[in-house]
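Taking it in order: structure first as structure tokens, then the write-up.
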Amino acid sequence: MRIDLHTHSSVSDGTDTPTALVHAAAAAGLDVVALTDHDTTASWGEAAQAAGEAGVTLVRGTEISTLLDGSSVHLLGYLFDPDDAALAAELDRICNDRIPRLQRMTALAQSELGSQVTWEHVLTAAGDAESVGRPHLADALISLGEASSREDAFDRLIGPSSRAYVPKHAPDTSTAIRLVRTAGGVPVVAHPWARGRRGVLDVATLGRLRDAGLVGIEVDHLDHDDATRAELRRIADELGLVPTGSSDYHGNGKQGYGLGVCTTSPQSYEAILAAVGSNGVNPVP
Ligand code: AMP
Ligand code: ZN
Ligand code: FE
Ligand code: FE
């Protein structure tokens with residue numbers, strides 16, 4: 001069994017449509033793929049239809065933008081009821097706030113960085129995306145020849161220390177964990193120690209998040225080196241958290257993060273399925 005529990009389609013900042021992504025997952029030899037577009041469930045319907053045809057099992061999910069003591073923490077939520085009013089309202093709030101936030105960043109890119117970028121360029125780059133984000137601004141900068149890649153744009157122009165950076169609305173991490181659990185879903189912290197986040201999510205903090213209802217942590221991820229993975233696996237064991245692994249695939253949007261490059265063990269997948277509440281949803285088919 002090959003199981004990849006974290007991917008993005010063009011409904012957020014990936015480049016494959018949900019249908020293309022599900023077919024690519026089957027072609028990559030995956031048995032199970034989770035689609036986890038940022039702060040939205042808008043891709044679920046199309047992806048579920050494609051999963052039946054492609055011969056791959058789809059885990060419907062999302063990656064929620066949250067804040068822990070002011071630091072960004074990404075929370076994967078799996079198999080929750082998409083009609084749960086409280087969670088749906090919070091996802092709408094995060095997703096909707098992404099628009100004025102990216103408009104402000106676009107204006108600051110002009111005034112502070114001397115970019116030629118306009119909101120029209122960003123909208124063109126975003127295409128049909130329901131959840132817009134900095135990667136779309138990066139794509140607009142690439143189209144203008146002002147950046148060579150998303151990586152380059154984040155490094156030089158739109159990272160958190162840039163003069164063009166604007167934060168976006170995000171709920172507290174433990175609040176988001178409770179919302180996912182109440183909606184019958186399974187919360188897992190994405191790439192907990194990527195990009196210097198080790199200090200934000202230390203063992204004591206992860207223990208508190210587990211007490212709030214956290215089920216797992218993503219251990220195998222390209223942003224974690226081997227030593228980091230070993231340490232996180234030990235912490236998962238110590239705290240009774242489920243260790244997962246995944247690609248964080250974004251299509252052409254993130255070079256090297258190919259489907260199935262990191263995977264989740266069948267035992268961890270079973271533990272996630274066992275944690276789904278009675279109001280949660282099933283994998284498809
Ligand atoms: P946002 O949620 O709008 O602040 O954008 C953050 C998203 O940008 C994350 O989900 C990442 O997938 C993507 N991202 C962050 N850093 C980079 C980078 N250096 N290169 C490419 N994509 C990135
Ligand atoms: Zn992303
Ligand atoms: Fe993430
Ligand atoms: Fe992601």
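Overview of values
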| read-out | value |
| --- | --- |
| Under 5 Å, built H, 5+ apart or other chain: amide partners of T40 | E63 |
| Environment charge at S246 (Cβ cut-off 13 Å; Lys +1, Arg +1, Asp -1, Glu -1) | -3 |
| Global form of the stretch 159-285, assessed from the alpha-carbon gyration tensor, a/c cut-off 1.5 | rounded |
| Efficiency of FRET between R2 and S111 - r from beta-carbon atoms, R0 45 angstrom, step 0.05 | 0.40 |
| Gain in span if fully extended, R104 to A85, counting 0.36 nm per residue against the direct Cα distance | 3.9 nm |
| Cα-based shape type of the chain, given that a ≥ b ≥ c are square roots of the gyration tensor eigenvalues and the cut on a/c is 1.5 | prolate |
| Paramagnetic label zone (point 7 Å from Cα along Cα-to-C-beta, L273; backbone N under 15 Å) in the stretch 22-41 | 31-34 |
| Label point distance in nm, V203-D92, each placed 7 Å from Cα along Cα→Cβ | 4.3 |
| Carbon and sulfur %, accessible surface of the chain computed with the full protein complex present, 1.4 Å | 48 |
| Relative packing of 234-246, 89-101, which averages over residues the other C-beta atoms within 10 Å, highest first | 234-246, 89-101 |
| Rounded, prolate or oblate (a/c below 1.5 giving rounded, otherwise prolate when a/b exceeds b/c) for the stretch 234-285 by Cα gyration tensor | oblate |
| Segments 138-151, 29-42 sorted - mean Cβ within 10 Å per residue, highest first | 29-42, 138-151 |
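The values are calculated or read from the model by the stated rules, or taken from the named source; none is laboratory data. Remember, it's a predicted structure, so these values are computed and weren't measured experimentally. Positions of Cβ are backbone-derived with ideal geometry, glycine not excepted, and every protein chain shown enters the neighbour counts. Just the protein is used for accessible areas: all its heavy atoms, side chains included, with ligands, DNA and RNA removed. Shrake-Rupley method; radii C 1.70, N 1.55, O 1.52, S 1.80 Å.
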